[in-house]
Amino acid sequence: MTLLKLLNLDVLLLQEAKFFDSDDLAMAEATGEALGMEWRLAPSGSHGCHLMTLVRPGRVSFQEFVPDAAEGKFHHALSRADLIAEESGWSFRLLSTHFAPFSPEVRAGEAAWLTEFGAADDIIVAGDLNGMWPGDPEPENWDWLPEELHSRHRRLNPDGTYGPSNRDAQAKLRNAKFRDPVSDLGHPWAATVGHWSDRESYPMRSDYILPADGVADRLRALKVVSTPEVRALSDHLPVIADFSLSS
């Protein structure tokens, strides 16, 4: 909470908001109160990894919120928030998600729910996509990942052996004209995972904020918050995008 207060965000998306639905939403209420933000919760279909969308009153407000925009088809969830920038009146849609952790094939199916929006002028997709972006560095070897977890990340060769990383889900989004701030728009690359434990220790991007093609020119900056103190808080690092909210 201390970190999130210091960041003073207009919009905040949380994944794995575990137990936020317990005790009459006590943790969700406490989080919104601590940050001074209005919130909506999207229940996850698996593991209690709920999604939470928060906005800062006076800057951004909810017009509509759909907690299950994929009608139960995602391993976790896909939420849709229709938002409005209060000063300018610009309306935009934020699709928050957490792709399936266990299967690149399932992730590719989840990405297919989003591809039709890639050329829009008012849509941003954000969340933990659980995989590398096309063009990001390929591991020289896979010794950093236990063999029993290779099926989560690698492409299966015709002979049954494993090949390179499977990035089909991310490639579908790229080919649909969602713009990667790093490879498309020139913002600096930084890993969001790989710092937490020796079990999955390869530094890579797993968390993304992807403007649709018509929103890309609003993006002014992107950064991953990474200090020793922040790396001790979570297995994923915060990703922050600065968008122009003018009309």
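The residues of the chain have, on average, 48 Å² of accessible surface per residue, using a 1.4 Å probe with all protein chains present. Over the C-alpha trace of the stretch 123-210, radius of gyration and Dmax come out as 13.6, 41 angstrom. On the basis of the beta-carbon distance and an R0 of 25 Å, Lys18 and Asn157 show a calculated FRET efficiency of 0.10.
For Glu147, the solvent-accessible surface computed with a 1.4 Å probe is close to 150 Å², ligands and nucleic acids excluded. The share of accessible area on the stretch 86-129 that comes from carbon and sulfur is 52 percent, using a 1.4 angstrom probe. Restricting attention to the chain, close to 85% of DSSP beta bridges with both partner residues there are antiparallel.
Using every alpha carbon pair in the stretch 158-247, what percent of pairs falls into each 5 Å bin from 0 up to the bin containing the largest distance? Reading the bins upward from 0: 3, 12, 20, 19, 18, 14, 9, 4, 2, 0, 0.
Reported to the nearest whole Å, the Cα centre-to-centre distance from the stretch 161-196 to the stretch 89-120 is 13. The simple spin-label model puts a point 7 Å past each Cα toward its Cβ; for Asp121 and Ser244 those points are separated by 1.4 nm. What a 1.4 Å probe finds exposed on the stretch 152-247 is 50% carbon and sulfur by accessible area, rounded to a whole percent. If both residues of a DSSP beta bridge must be in the stretch 51-189, then about 75% of such bridges are antiparallel.
Measuring only protein heavy atoms, the 1.4 Å probe finds Arg220 accessible over about 150 Å². The fraction of accessible area contributed by carbon and sulfur in the stretch 3-45 is 50 percent, rounded to a whole number (1.4 Å probe; ligands and nucleic acids excluded). Taking the Cα centre of the chain as origin and assigning +1 to Lys and Arg Cβ atoms and -1 to Asp and Glu Cβ atoms, the resulting dipole is close to 400 debye. Each peptide in 158-164, 38-44, 183-189 gets a packing score, the mean of other Cβ atoms within 10 Å over its residues, and the list from highest to lowest is 38-44, 183-189, 158-164. Estimated at the nearest 10 Å², the accessible area of Met132 is 10 Å² with a 1.4 Å probe. The mean sequence separation of alpha-carbon pairs under 8 Å and at least six residues apart, normalised by the residue count of the stretch 94-247, gives a relative contact order of 27 percent. Label the chain by shape, choosing from rounded, prolate and oblate, from the square roots a ≥ b ≥ c of the eigenvalues of the Cα gyration tensor; if a/c is under 1.5 it is rounded, and otherwise prolate applies when a/b is larger than b/c, oblate when it is not. The shape class here is prolate.
The values are calculated or read from the model by the stated rules, or taken from the named source; none is laboratory data. The structure presented is a predicted model; accordingly, all values stated were derived computationally and were not measured. Note that each Cβ is placed from the backbone with ideal geometry, even for glycine, and that neighbours are counted across all protein chains shown. In case anyone asks, the SASA skips ligands and DNA or RNA and just uses the protein heavy atoms, side chains included. Shrake-Rupley method; radii C 1.70, N 1.55, O 1.52, S 1.80 Å.
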